[in-house]
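The values are calculated or read from the model by the stated rules, or taken from the named source; none is laboratory data. Small disclaimer: the values here were computed from a predicted structure and weren't measured. Heads up, the Cβs are rebuilt from the backbone with ideal geometry, glycines too, and the neighbour counts pull from every protein chain shown. Just the protein is used for accessible areas: all its heavy atoms, side chains included, with ligands, DNA and RNA removed. Shrake-Rupley method; radii C 1.70, N 1.55, O 1.52, S 1.80 Å.
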Amino acid sequence: MSNEYFFNTIIGKRKSRIVSGIHAALSAAQIEKKIDFRQLPPILLEVPREEAHGDFACTIAMLLAKELKRSPREIAGLIKNYFDCAATGVEKLDIAGPGFLNFYLPKSWLSPCLSELLAEGDDFGRSEAGSGKKVQVEFVSANPTGELHMGNARGAAIGDTLASLLDMSGHQVEREFYINDAGNQISRFAASLEARYLQLLGQDAQLPDDGYHGQDICDTMAALIKEEGNKYLGMESHLRKEYFTSYALQEKITNAKKTLEKFGVVYDVWFSEQSLHDSGSVTDIIERLRQGGWVYEQDGAFWLASTRFGEEKDEVLVRANGIPTYYAADIAYHDNKFQRGFGLAIDIWGADHHGHVARMKGAMAALGYSRDQLEVVLMQLVHLYQGGELLLMSKRAGTYVTLEELMETVGKDAARFFFVMRSAGSQMDFDLDLAKKQSADNPVYYVQYAHARICSMLAKAAEEGYTLKDLPDDFSLLDHPSELALIRKLVDFPDEIIFAAQHFEPHRIAIYVQDLAALFHNFYSHCRVVGPDKDLSLARLWLAKGTARVIANALKAMGVSAPEKM
């Protein structure tokens with residue numbers, strides 16, 4: 001993706017000026033034969049952890065030291081000598097440590113930044129960083145053989161939020177659910193449905209040991225019997241299973257759609273695995289790989305030469321009995337994604353699928369795609385706690401806590417926020433008691449309360465005659481440290497969205513909005529918003545309004561509401 005520092009954001013434009021100034025300084029030093037380099041490495045700016053180290057810092061001097069055979073501090077000194085502070089809006093440039101360049105901007109730089117933010121209106125946070133690139137995000141994709149559970153819920157929150165962030169950063173995004181409606185699990189599903197049907201009608205039937213034992217299977221067959229009675233008792237077993245499977249899949253998929261929509265997730269496409277077999281896509285993909293020299297026959301089966309792209313062993317594509325493996329169908333499915341024009345396909349998988357990542361990327365490379373066109377976000381397990389105890393059972397499902405039960409217990413907002421606020425790769429402990437708590441200890445309540453407090457403040461100010469129609473000419477009156485810290489955080493928002501989207505890290509937005517809420521609460525406790533100075537009061541009200549807008553936009557990206565009252 002593009003260099004993040006040249007995006008047309010408030011911070012991006014300022015970083016761009018500084019980076020251009022570093023380029024110009026190095027070029028001037030080279031022209032005067034002070035240094036000699038062939039090609040510069042990327043010049044990156046970071047925000048120092050400590051405010052005393054400036055607004056931005058750069059390590060370019062250390063990166064050039066080896067090529068130039070000069071000490072980093074000496075190179076940093078040359079850059080400082082040739083750097084034009086006035087042209088780049090920099091007040092001071094210092095050298096620190098082994099050769100860090102620390103850039104200090106004048107305090108006044110934040111005033112026009114707030115004006116820019118407010119002028120963008122409700123769209124603040126959106127950008128064109130993705131340049132309209134077509135991206136697909138596939139997530140949840142649970143087997144349609146049971147109810148959605150906690151793991152599915154985490155995947156739904158992470159996948160949907162990532163899709164929103166990609167959309168906000170200028171990508172053309174589609175959300176997709178892959179329905180695993182083919183293969184062995186469907187055969188076991190059919191046998192389980194039949195056994196429950198017969199048992200409910202008083203027949204002697206044994207549920208398969210590897211079948212599905214959840215209460216929902218009984219409920220499905222009970223509903224069928226209520227609708228149609230015992231008319232299928234006399235039907236041949238294979239025909240009966242076929243009908244039961246069709247009936248149950250339709251019910252499960254319909255219920256999954258309803259549950260996910262209640263959770264705030266709406267898919268653009270529901271893609272059937274069976275359609276790949278019916279259309280001949282699986283057969284076609286095996287033939288394409290064979291023609292490319294990637295497939296060989298051994299012991300009656302067809303194998304993909306996976307060792308050629310770095311795997312430890314070759315993989316079976318078609319078993320000796322002539323039935324394609326799930327791997328073959330998965331290759332066909334991912335090929336189908338790219339055939340539909342997606343430049344990037346992102347999969348959200350459980351961590352137990354980590355071994356499948358490299359071989360799927362390898363298969364895509366064998367088909368002529370770039371490995372980088374497929375990105376897999378691996379998601380760790382969720383442990384649910386209540387009263388300090390680990391919960392394992394569900395009253396309805398008998399084996400796991402369902403997404404429906406979770407939403408009934410803590411609500412959609414808390415569930416989504418909690419799932420997103422940890423990186424996908426970290427194991428998660430979900431505390432039900434904390435998620436229901438209405439206090440600052442609960443992160444989603446803390447953030448929503450900040451938004452509600454601002455809305456209440458603005459409504460009261462309006463009653464007192466403060467109308468926020470025309471933006472002030474400038475916000476230079478806002479010079480308290482808590483005000484400047486809040487503005488600085490606000491203007492970071494578009495860049496945070498871009499970074500989180502580029503690096504597939506939606507948890508960054510949960511962290512960001514918690515930090516933003518904390519800075520607002522700090523500002524509120526240190527600064528009297530509406531006071532005797534009307535101009536200052538208006539400036540502070542505009543700052544509060546901008547904060548509410550950013551909080552709302554961040555929460556919206558996470559699928560969480562921003563209430564005006566609590």
Out of the range 244-279, which residues are within 30 Å of Ser306 (Cα to Cα) and open to solvent by 20 Å² or more (accessible area, probe 1.4 Å)?
-> Trp270, Phe271, Ser272, Gln274, Ser275, His277, Asp278, Ser279
Can you name every residue in the range 325-377 that is in a helix (DSSP H, G or I), touching a Gly at 6+ places or on another chain (Cβ under 9 Å) and farther than 27 Å from Ala153 by Cα?
-> Gly362, Ala366, Arg371
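Here's the yes/no breakdown for (1) assigned to a helix (DSSP H, G or I); (2) under 35 Å from the mean Cα position of the chain (by Cα); (3) closer than 30 Å to Asp160 by Cβ:
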{"residue": "Arg175", "(1), (2), (3)": "no, yes, yes"}
{"residue": "Leu193", "(1), (2), (3)": "yes, no, no"}
{"residue": "Asp204", "(1), (2), (3)": "no, no, no"}
{"residue": "Pro208", "(1), (2), (3)": "no, no, no"}
{"residue": "Tyr212", "(1), (2), (3)": "no, yes, yes"}
{"residue": "Thr220", "(1), (2), (3)": "yes, yes, yes"}
{"residue": "Ile225", "(1), (2), (3)": "yes, no, no"}
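This table checks each residue for (1) under 27 Å from Lys262 (Cβ atoms); (2) modelled with pLDDT of 95 or more; (3) in contact with a Lys or Arg (Cβ under 7 Å, 6 or more places away or on another chain).
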residue	(1), (2), (3)
Ile331	no, yes, no
Asp335	no, yes, no
Gln339	no, yes, no
Ile348	yes, yes, no
Gln373	no, yes, no
Leu384	yes, no, no
Met407	yes, yes, yes
Asp413	yes, yes, no
Phe417	yes, yes, no
Residue under evaluation Ile35, criteria (1) assigned to a loop (DSSP other than H, G, I, E, B); (2) at pLDDT 95 or above; (3) more than 38 Å from the chain's Cα centre (by Cα), criterion not met = (2)
Looking only at the range 531-548, decide whether some residue is charged (D, E, K, R), open to solvent by 40 Å² or more (accessible area, probe 1.4 Å), within 30 Å of Val420 (Cβ to Cβ) and not in a helix (DSSP H, G or I).
-> no
Tell me, which helices (runs of 4 or more DSSP H) lie completely within the range 378-492 with 1 or more residues that are open to solvent by 30 Å² or more (accessible area, probe 1.4 Å) and closer than 24 Å to Glu505 by Cα?
-> 412-420, 432-436, 443-463, 481-491
For the range 83-92, name all the residues that are touching a helix residue (DSSP H, G or I) at 6+ places or on another chain (Cβ under 7 Å), in a helix (DSSP H, G or I) and open to solvent by 60 Å² or more (accessible area, probe 1.4 Å).
-> Ala87
Looking only at the range 177-191, which residues are within 31 Å of the chain's Cα centre (by Cα) and either on the phi > 0 side of the Ramachandran plot or of a type in the set (D, E, K, R) (or both)?
-> Asp181, Gly183
From the list Glu138, Glu147, Glu120, pick out the single residue that is open to solvent by 20 Å² or more (accessible area, probe 1.4 Å) and in contact with an Asp or Glu (Cβ under 6 Å, 6 or more places away or on another chain).
-> Glu147
Within the range 517-529, identify whether any single residue is surrounded by 23 or more Cβ atoms within 10 Å (Cβ to Cβ), outside any helix (DSSP H, G or I) and touching a residue at least 12 places away in the same chain (Cβ under 8 Å), and answer yes or no.
-> no
So which residues in the range 295-310 are open to solvent by less than 40 Å² (accessible area, probe 1.4 Å) and in contact (Cβ under 8 Å) with a residue 24 or more places away in the chain?
-> Leu304, Ser306, Phe309
Among the listed residues Ala65, Ala96, which satisfies the condition of being more than 34 Å from the chain's Cα centre (by Cα), farther than 29 Å from His480 by Cβ and surrounded by 13 or more Cβ atoms within 10 Å (Cβ to Cβ)?
-> Ala65
